[in-house]
Structure formats: structure tokens, C-alpha cells
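Trainee: One structure, as C-alpha cells, below. Some questions next.
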Amino acid sequence: MNYSFRKASMSEVPQIWAILEQAIIRRKEDGSNQWQDGYPNPEIITEDIASGHGFVLTDGAVIIGYSAVLINDEPEYANIKGHWLSNEDFVVFHRVAISENYLGKGLAKKMITGIEAFARDHNIFSVKADTNYDNTAMLNIFEKLGYTYCGEVYFRGSARKAFEKLLPKGS
């Protein structure tokens, strides 16, 4: 497979939204409340890409995953009920989704590894993220990739588990 992780373009919104729609359905089928409130939606994806925060994982020319990736840009993280591992610059990612046709191949981990490389490329050594308490797939990925549970953050009235990973410097 020829995987790459890169910025998304506006012309790719339809393919990205199709992947997210599948993920929203999977969350519901898994019994999760995550993404069952009209978020994310095509407008959010368009905003991500317009602001340079939308990224895709591709297999050749085929888009197989999506995530928003931001630097130092998550105001809710200042209100954590708990403690972050660091107070340095950080990369945060949201809206991780993999195409239905590519599930079970470890590609969410591959995408997060791409996000970690993006952080290092910007001389940032902290990656933060959050997920619903009932998103067992993402909770397992955080554990496998060495993320540390730091506490709770709140989005749209719901508590989320917050995680951070400190990346080695100089690697």
C-alpha cells in the first residue's frame, strides 16, 4: 500500500464527508453517543480545510481517512478537570475517521503516527486529543500508542476523556 498523510483540499470535501458519515453510523451502531448530535457536518469539514487544519490519509489517490489537526488551538483544554503532562506548545487532533473499506488495518494508528510526525516537523513535542467515554476503539488506540489519560474536558455539554503524549525530542 502507498499511504500518505497530507493536507486536504476543498475539492475533497465530498469524499471526506462520505467517510465521516460512515463513521457516524458506526458510532451509533457501537452504542456510542459520540457524533450523534449533528456534529461533525460538511460545514465543519469545509471550515477545517479552509483554515488549513483538514488532513487526509490516502492510499495512492484514494482518500481513506480524515482528521483535523491544529496547533495550540483548543480553548476547552485550558479547562481540563485533571492535569496535562506539559504546558508547552501542542498539536491537537479531532474528527478521526477511517473509510469503511479500510477498517481493521491499523490505519487510525497510522494516521495518528502521521499527526505525531507533523508535530515533530513543527518542533512540537506534545500531542493532545480527547474522545467519548464510550468510544472503545479510540480508547484502545490511545493505549496502544502510549497516550496518557490526563482528565476530562467538556464539549457540547458532554465530558470527554482527555489524553496527551509527549514525543521524544531529537528523533
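Trainee: So, in the range 83-110, exactly how many residues are of a type outside the set (Asp, Glu) and over 23 Å from Asn33 (Cβ atoms)?
Mentor: Pass one, the range 83-110, residues of a type outside the set (Asp, Glu): 83-87, 90-99, 101-110.
Then drop every residue that is not over 23 Å from Asn33 (Cβ atoms), which leaves 83-87, 90-91, 101-102, 104-107, 109-110.
Adding up the residues that qualify gives 15.
Trainee: Let me ask you something else. Do you know which residues across the range 145-157 are in a strand (DSSP E or B) and among the hydroxyl-bearing types (Ser, Thr, Tyr)? Outline the logic, then answer.
Mentor: Of the range 145-157, the ones in a strand (DSSP E or B) are 148-155.
Across the range 145-157, the qualifying residues are Thr148, Tyr149, Tyr154.
Trainee: Scanning the range 145-170 for residues that are loosely packed, with under 13 Cβ neighbours inside 10 Å and in contact (Cβ under 8 Å) with a residue 12 or more places away in the chain, which turns out farthest from the chain's Cα centre (by Cα)? Lay out the reasoning, then the answer.
Mentor: Of the residues in the range 145-170, the ones loosely packed, with under 13 Cβ neighbours inside 10 Å are 146, 156-157, 168-170.
Of the ones still in play, those that are also in contact (Cβ under 8 Å) with a residue 12 or more places away in the chain are 146, 156, 168-169.
Details: Gly146: 15, Arg156: 17, Pro168: 20, Lys169: 22 Å.
Out of the qualifying residues, it is Lys169.
Trainee: A further question follows. Among the numbered criteria (1) touching a residue at least 12 places away in the same chain (Cβ under 8 Å); (2) not in a helix (DSSP H, G or I), which single criterion is violated by Phe142?
Mentor: The one condition Phe142 does not meet is (2).
Trainee: Step by step: first the residues of the range 116-137, then only those that are farther than 23 Å from Trp35 by Cβ and of a type in the set (Gly, Ala, Ser), then the one that is surrounded by the most Cβ atoms within 10 Å (Cβ to Cβ). Which residue is that? Reasoning before the result, please.
Mentor: The first filter runs over the range 116-137 and keeps only residues farther than 23 Å from Trp35 by Cβ, leaving 116-126.
Filter again for of a type in the set (Gly, Ala, Ser), leaving 117, 119, 126.
On the way: Ala117: 12, Ala119: 23, Ser126: 19.
Filtering first and then ranking leaves Ala119.
Trainee: Exactly one of (1) closer than 23 Å to Leu145 by Cβ; (2) exposed (fewer than 14 other Cβ atoms within 10 Å of the Cβ) is unmet by Pro14. Its number?
Mentor: (1)
Trainee: What are the pairs, 6+ residues apart or on separate chains, where a residue within the range 1-18 that is more than 24 Å from Ala117 (Cα to Cα) has its Cβ under 7 Å from a residue that is charged (D, E, K, R) and part of a loop (DSSP other than H, G, I, E, B)?
Mentor: none
Trainee: With respect to Ser67, determine if the residue is farther than 18 Å from Gln34 by Cβ, without any contact (Cβ under 8 Å) to a residue 60 or more places away in the chain and buried (at least 18 other Cβ atoms within 10 Å of the Cβ). Steps first, please.
Mentor: Numbers: farther than 18 Å from Gln34 by Cβ: no; without any contact (Cβ under 8 Å) to a residue 60 or more places away in the chain: yes; buried (at least 18 other Cβ atoms within 10 Å of the Cβ): yes.
The answer is no for Ser67.
Trainee: Sticking with this one: So, in the range 110-144, exactly how many residues are within 10 Å of the chain's Cα centre (by Cα) and either within 16 Å of Val56 (Cβ to Cβ) or of a type in the set (D, E, K, R) (or both)?
Mentor: Within the range 110-144, residues that are within 10 Å of the chain's Cα centre (by Cα) and either within 16 Å of Val56 (Cβ to Cβ) or of a type in the set (D, E, K, R) (or both) number 5.
Trainee: Continuing with this model, one more query. Only one of Phe90, Phe55 is closer than 20 Å to Thr131 by Cβ, crowded, with 19+ Cβ neighbours inside 10 Å, touching a Gly at 6+ places or on another chain (Cβ under 8 Å) and in contact (Cβ under 8 Å) with a residue 60 or more places away in the chain; which?
Mentor: Numbers: Phe90 fails: touching a Gly at 6+ places or on another chain (Cβ under 8 Å).
That would be Phe55, the only listed residue that is closer than 20 Å to Thr131 by Cβ, crowded, with 19+ Cβ neighbours inside 10 Å, touching a Gly at 6+ places or on another chain (Cβ under 8 Å) and in contact (Cβ under 8 Å) with a residue 60 or more places away in the chain.
Trainee: Within the range 19-31, work out how many residues are touching a residue at least 24 places away in the same chain (Cβ under 8 Å) and either assigned to a helix (DSSP H, G or I) or within 15 Å of Val96 (Cα to Cα) (or both). Working first, answer last.
Mentor: Applying the first criterion (touching a residue at least 24 places away in the same chain (Cβ under 8 Å)) to the range 19-31 yields 19-20, 22-23, 26-27, 30-31.
Checking the rest, the ones that are also either assigned to a helix (DSSP H, G or I) or within 15 Å of Val96 (Cα to Cα) (or both) come to 19-20, 22-23, 26-27.
Summing the residues that are touching a residue at least 24 places away in the same chain (Cβ under 8 Å) and either assigned to a helix (DSSP H, G or I) or within 15 Å of Val96 (Cα to Cα) (or both) in the range 19-31 gives 6.
Every number in this text was worked out from the coordinates using simple rules, so none of it is lab data. These figures come from a predicted structure and were not determined experimentally. Methodologically, a virtual Cβ is constructed for each residue, glycine included, from the backbone with ideal geometry; neighbour enumeration extends over all protein chains shown.
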